[in-house]
1. Please verify whether Ile210 is in the same structural domain as Leu283 (by TED's automatic domain parsing) and more than 25 Å from Gly292 (Cα to Cα), treating the condition exactly as stated.
2. What number goes with the only condition from (1) in contact with a Leu (Cβ under 8 Å, 6 or more places away or on another chain); (2) buried (at least 17 other Cβ atoms within 10 Å of the Cβ) that Leu492 does not pass?
3. So how many residues does the stretch 256-274 have that are at pLDDT below 95 and either among the aliphatic types (A, V, I, L, M) or assigned to a helix (DSSP H, G or I) (or both)?
4. For the stretch 474-510, which residues satisfy the criterion of being small (Gly, Ala, Ser), assigned to a loop (DSSP other than H, G, I, E, B) and in contact with a strand residue (DSSP E or B) (Cβ under 8 Å, 6 or more places away or on another chain)?
5. Could you tell me how many of the residues in the stretch 257-276 are within 12 Å of the chain's Cα centre (by Cα) and β-branched (Val, Ile, Thr)?
6. Kindly indicate which of Ser208, Ser160 is surrounded by fewer than 19 Cβ atoms within 10 Å (Cβ to Cβ), farther than 30 Å from Lys479 by Cβ and modelled with pLDDT of 95 or more.
7. Test each condition in (1) in a loop (DSSP other than H, G, I, E, B); (2) β-branched (Val, Ile, Thr); (3) more than 25 Å from Leu455 (Cβ to Cβ) for Ile157 and report the one that comes out false.
8. Among the residues of the stretch 163-187, how many are touching a Ser or Thr at 6+ places or on another chain (Cβ under 9 Å), at pLDDT 95 or above and among the small types (Gly, Ala, Ser)?
Amino acid sequence: MFDESKKILIRATNWIGDAVMTVPAVQAIRKSYPEAHISLLAKPWVSEIFQENPDIDETILYEESHDSIIGKFRLASKLRKEKFDKAILLQNAFDAALIARLAGIPERIAYKRDGRGFLLTDAIPVNEEVQAQHQVYYYLDLLKSIGLQAGDPQPYIFLSDDERQWARDFLRPHFAEENSPLIGINPGATYGSAKRWPAERFAAVISSIIKELKGRVVVFGSEKETDIAEEILNNLGTPDPKLLSQILNMSGKTSLRELAAMIAECDVFVTNDSGPMHMAAALHVPVAAIFGSTDWKATGPFGEGHKIITKNVPCSPCMKRECPEEHLKCMTEIGADEVFDAVKEIFPANKAVFLDKDGTLIEDKNYLNSFDDLVILKGVKTALQKLKNTGYKLIGVTNQSGIARGIVDETFVLESNSLLQDKLAIDDFFFCPHHPDEKCPCRKPEPVMILNARLRYRISLRQSYVIGDKESDVILAKKSGATGILLSSTPLFENTSASYIAKNMSEAVDWILERDK
């Protein structure tokens, strides 16, 4: 760490999508200042993005009452009492710098724009190279400019177990078949009509999803977008009641956290360029994103496994709220078949078994760091071959905190994973190298490793399993929506949320194959 700041204020952006794209920057700040008290100053509707985020110690709300001149002085006075050492302003507005200055925060860091440079102690120039990147890097580059190290650029929204369970419990009674694919539809866009694909084409895509993919559909939207959802449903005409029974209209009926929890349950999310689009990508849900007036290279869904649908129209991207040419060709030239084809490209078509490493595939040597000590457990190879023969992908998922502790060499982890892939026909390995104290989103039982595998290999988590010898593996399964199997050679006396307890890998695989009959 390059200084001893003890109290840091981060000013959040005011738009949902922008806030999501700042999450990696917030994580990088925490990593650079692990002992600091970090507060987030945010508008109420944005603050929920950071709820459950372990990198934030406190959220201070920028209320509507703070919009007036008197309100700004009142807020600044409140912040002054907190005695912050540093303010990092991720929001671009003049207002952010003014309040930080009025609050007497000695170090004020932000991009030099909107005429606010004189209010900053570290005014970072905005060059063309910075602006040409995806916006996630725009925020990370601000931190690089002051000597902080940027980490993983992938945004992630933390959800509690209760929130995930709420979404599943809420969705279950609305559909006859709870294990069929769930597709989220987000037809709105707060920025303006130039970002909205026609309602009748969303209706056509919904019809194809239900008829051809046997999917369930949830239509999302804000309170101001309920009319768009109604228009879509009206464009379905008078279809078969069975088709309507596969559609749930949630437009205007969720809080932001409820929206996030329900999006996390989706197998694919079809959307315009919008805040919920960024939320879906941050929840590692495959996104089919429709772009017209905005630049997908700068604000598209971040990460792999997504599909952009756009047209090369000369006037696009114009970055306008309404079409200045009054034809909206950037949107109207995108057909329903093109969007449905995009959905099929990212649709989860494969099933997988996710496998813990130490104690599940190999003997647990407590921070294995030598091939001399690597011993594949008896019966594992034969059992896994049975899974491969029935079409399962095999994915290793392992916590390797020994790397962060300096006990295990990362090169050895990579090489030992590769060896196991060769010997056991495992398709891929994902590992978390971080220390538990970092509270990263990839360490089990957080589901990021599984979600990344889902995006890369088009895996249906509802048809997949997690096998491991620790309760964290079972919790991982529950978080991700897969089925958890706990390996235990001796009777258990504590509670477990495993769907099945197997004595060994062979027994676990036999149980899976029996269920598949």
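The values are calculated or read from the model by the stated rules, or taken from the named source; none is laboratory data. Quick caveat: nothing in here was measured; it's all calculated off a predicted structure. Cβ: placed from backbone, ideal geometry, glycine included. Neighbour counts: every protein chain shown.
1. yes
2. Status for Leu492: all satisfied but (2).
3. 0
4. Answer for the stretch 474-510, where residues must be small (Gly, Ala, Ser), assigned to a loop (DSSP other than H, G, I, E, B) and in contact with a strand residue (DSSP E or B) (Cβ under 8 Å, 6 or more places away or on another chain): Ala482, Ser488, Ser497, Ala498, Ser499.
5. Residues that pass the stated criteria total 1.
6. Being surrounded by fewer than 19 Cβ atoms within 10 Å (Cβ to Cβ), farther than 30 Å from Lys479 by Cβ and modelled with pLDDT of 95 or more holds for just one of Ser208, Ser160, which is Ser208.
7. (3)
8. The qualifying residues number 1.
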